[in-house]
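One structure below.
The values are calculated or read from the model by the stated rules, or taken from the named source; none is laboratory data. Remember, predicted model here, so these are calculated numbers, not experimental data. When we count neighbours, we look across all protein chains shown, and the Cβ atoms used for this are built from the backbone with ideal geometry, even at glycine. For the accessible areas, the whole protein counts, side chains as well, though only heavy atoms, and no ligand, DNA or RNA atoms are used. Shrake-Rupley method; radii C 1.70, N 1.55, O 1.52, S 1.80 Å.
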Amino acid sequence: MKFIGAHVSIAGGVENAPLNAANIGANAFAMFVKNQRQWEAKPLSQENISKFKQNLKASHIEPRHVLPHNGYLINLGHPNDEQRQKSINAFLDEIYRVEALGLMMINFHPGSYLNEISPEICLENIANSVNFLLENSQNVRLVIENTAGQGSNLGFKFEHLAYIIKRCTDKSRIGVCLDTCHTFAAGYDIRDDYERVMSEFDEIVGRGMLRGMHINDTKFDLASKKDRHESLGKGFLGLKTFENIINDPRTDDIPLVLETIDESIWADEIKILRNFKGE
């Protein structure tokens, strides 16, 4: 069985996320644990936490198939020490929220050098920031998402991911989420050479690091460096790419999460993906 869902809304409280996932036929999902465009939010109440756990159980979704995403303001590679620490503190708060909800992972973008420092120094900042997070938290796995390479964002090369992982003090609490749009935009041809790209990922990063995937088509062709998602089969990746992913044993037992642009057809897209596996 594959574990397929979408990045669902937490409007009205995080406890609504499992219900929103169940309503589209998902058995996995992603969510934010607070407003993704604000630095601070009121703490989760005990009621939020209890209802989330109840609704997750009622939806028959396992905690290991939920992949929360951290806030968009966080930049672990920020050139400014004070701003980087602000990002670290905000991320720690989100990690604590994830743990309180009984979840096991949180997904994050590595960081950006903002054209103020070198990419190498930025990668070192990211690795140091991740180590601080690991040393000041427990249980929750930090899952690095590869990027499209837009602007000064790092993480678009498998070597970037490997660099960060190599420097982590506790590799048992690190993982990777591959975004299909980002991977293709960064120049990895998962459309026409899927197996070669995944073999390259295995060699550089390591198969065991793959802890989730974001399943998106893309509005732009190979190596565009543009992060613009599209509905499945309506972009440059085409449905065959997603059939390959669904039939790949490397994607067993990890959350496969839609972030496609039309949430009104998420239920249909989940069915499309399940049909590739004959589920």
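Per-residue surface analysis assigns residue 276 an accessible area of about 50 Å², computed on protein heavy atoms at 1.4 Å probe radius.
Centre-to-centre, using Cα atoms only, segment 81-106 and segment 213-272 are separated by 27 Å.
With both labels modelled 7 Å from their Cα along Cα-to-Cβ, the residue 262 to residue 136 distance reads 4.4 nm.
Taking a straight line from the alpha carbon of residue 225, these lysines sit under 24 Å away, with near neighbours fewer than eight places off in the same chain left out: 157, 234, 240.
Remark: accessible surface ordering of 191, 37 (largest first) is 37, 191, probe radius 1.4 Å.
For residue 105, the residues whose modelled amide H falls within less than 5 Å of its own, excluding neighbours fewer than 5 places apart on the same chain, are 141. For the chain, the solvent-accessible area works out to 42 Å² per residue, with a probe of 1.4 Å and every protein chain left in place. Placing unit charges on the Cβ atoms only, positive for Lys and Arg and negative for Asp and Glu, gives the chain a dipole magnitude near 500 debye about its Cα centre.
Checking the cross-link pairs 53/219; 53/277; 34/271; 53/226 against a 31 Å limit on the alpha carbon distance flags 53/219; 53/226 as lying beyond it. Close amide H partners of residue 179, meaning residues 5 or more places away or on another chain with modelled amide H under 5 Å apart, are 146, 214.
Set the Förster distance to 35 Å, then compute FRET efficiency between residue 89 and residue 62 from the Cβ-Cβ distance, nearest 0.05. Present the calculation step by step, with values, prior to reporting the outcome.
Numbers: r = 30 Å, r/R0 = 0.86.
My answer for the efficiency is 0.70.
When DSSP beta bridges are restricted to pairs lying wholly in the chain, around 15% turn out antiparallel.
Within the assembled protein chains, the solvent-accessible surface assigned to residue 50 is about 40 Å², based on a 1.4 Å probe. When a 1.4 Å probe is rolled over the protein heavy atoms, the share of accessible surface on the chain that falls to carbon and sulfur comes to 48 percent. Extension gain, residue 1 to residue 159, is 53.8 nm, computed as 0.36 nm per intervening residue step minus the present C-alpha separation. Comparing 79, 68, 255 in a Gaussian network model of the chain where C-alpha atoms under 10 Å apart are linked, the largest mean-square fluctuation is found at 79.
Across the options 104, 176, 89, the greatest Cα extent toward the positive end of the charge dipole of the chain (unit charges at beta carbon of Lys, Arg, Asp, Glu) belongs to 104.
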